[in-house]
1. Mind listing just one residue for me: the one in segment 102-140 that is modelled with pLDDT of 85 or more and β-branched (Val, Ile, Thr) and, of those, nearest to the chain's Cα centre (by Cα)?
2. Looking only at segment 138-163, which residues are touching a Ser or Thr at 6+ places or on another chain (Cβ under 9 Å) and either in contact (Cβ under 8 Å) with a residue 40 or more places away in the chain or in the same structural domain as TYR73 (by TED's automatic domain parsing) (or both)?
3. Hey, any hits in segment 79-94 for a residue that's modelled with pLDDT of 90 or more, polar (S, T, N, Q) and in the same structural domain as GLU43 (by TED's automatic domain parsing)?
4. Here's a check for you: in segment 52-67, which residue that is of a type in the set (Asp, Glu) and part of a loop (DSSP other than H, G, I, E, B) is farthest from ALA116 (Cα to Cα)?
5. Hey, among GLN71, GLN97, which residue is of a type in the set (S, T, N, Q) and within 17 Å of the chain's Cα centre (by Cα)?
6. Restricting attention to segment 68-118, and to residues there that are touching a Phe, Trp or Tyr at 6+ places or on another chain (Cβ under 7 Å) and part of a loop (DSSP other than H, G, I, E, B), which single residue is surrounded by the fewest Cβ atoms within 10 Å (Cβ to Cβ)?
7. Within the set of pairs 6 or more residues apart or between chains, which connect a residue that is in a helix (DSSP H, G or I) inside segment 119-134 to a residue that is among the small types (Gly, Ala, Ser) with Cβ atoms less than 8 Å apart?
8. From (1) modelled with pLDDT under 90; (2) in contact with a helix residue (DSSP H, G or I) (Cβ under 9 Å, 6 or more places away or on another chain); (3) surrounded by fewer than 17 Cβ atoms within 10 Å (Cβ to Cβ), pick out the condition that doesn't hold for LEU57.
Amino acid sequence: MSTTPTQREALDAVLRAGRRSLHTCFPAKVLAYDVAAQTVDVEPQVMRELQDDEGGLEHERLPTLYDVPVQWYRGGGRYFSLPLKAGDFVEIVCAEQSLLVWRDKGEVSEPGVSQAHGLNGCMARPGWYPDTKKLANVSDTDLVIGKDDGSASIRIKPDGTIVLSSETGAQALALANLVDARLKVLQAAFDLHVHATAALGTPSPPIVPNPPPPGAVGVTIPIGVLASVAAKRVKAV
């Protein structure tokens with residue numbers, strides 16, 4: 001009996017082999033994070049489903065990936081980063097070609113390794129979590145930066161108000177320049193203050209409240225109404 005595969009069988013075998021090395025994106029768990037190199041070691045979380053020679057399905061785990069570059073949001077001379085830790089989840093995206101040479105040069109480069117959508121051309125994007133780990137306080141109106149459990153956050157509301165810590169923030173913050181200005185007003189008032197003295201010579205008149213009560217005699221030092229120094233757009237607890 002001949003064991004020579006038919007043309008169709010040979011083509012199917014080639015296609016299966018190609019699919020085994022073709023990767024797009026998948027979730028992975030962080031095993032370690034190198035903050036200096038900005039890379040992670042990760043464990044892929046979804047097994048590959050492949051067809052065996054008999055037409056059945058088989059599953060295999062993807063290998064642990066090492067030194068995968070983390071893709072932070074970055075541009076315009078600014079960036080946004082997170083303190084990644086073991087146990088966090090990331091999205092692994094596999095590029096069209098290997099990124100090894102480009103990572104070193106940062107300019108138009110040859111891939112260096114001839115493998116399209118391979119595991120040597122991947123990057124990690126933080127934030128792809130399973131449904132079992134949904135966030136506690138996602139808002140449909142505010143921009144929120146916070147802790148997963150909702151215990152601390154910064155919220156920017158549609159009207160521009162910034163709320164620190166939580167929605168219960170009720171104490172308005174004071175702006176430093178306004179506080180300094182009000183303190184200078186108080187200082188100037190006290191510098192001009194005259195009070196009674198036991199020293200030789202003509203004593204100064206007694207201090208009289210402002211406004212003075214009926215019949216009072218003396219000098220008053222009007223300070224005036226001090227304006228609020230509360231920040232109008234930022235609140236905190």
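1. Per the criteria, the residue is VAL138.
2. VAL163
3. The answer is yes; a qualifying residue exists.
4. That would be GLU54.
5. GLN71
6. The extreme case among them is LYS85.
7. Within 8 Å, the pairs are ASN120/SER98; GLY121/ALA95; GLY121/SER98.
8. (2)
The values are calculated or read from the model by the stated rules, or taken from the named source; none is laboratory data. If you're wondering where the values come from, they're calculated on a predicted model, not measured in any experiment. Neighbour counts are summed over all protein chains in view; Cβ atoms, including those assigned to glycine, are modelled from backbone coordinates with ideal geometry.
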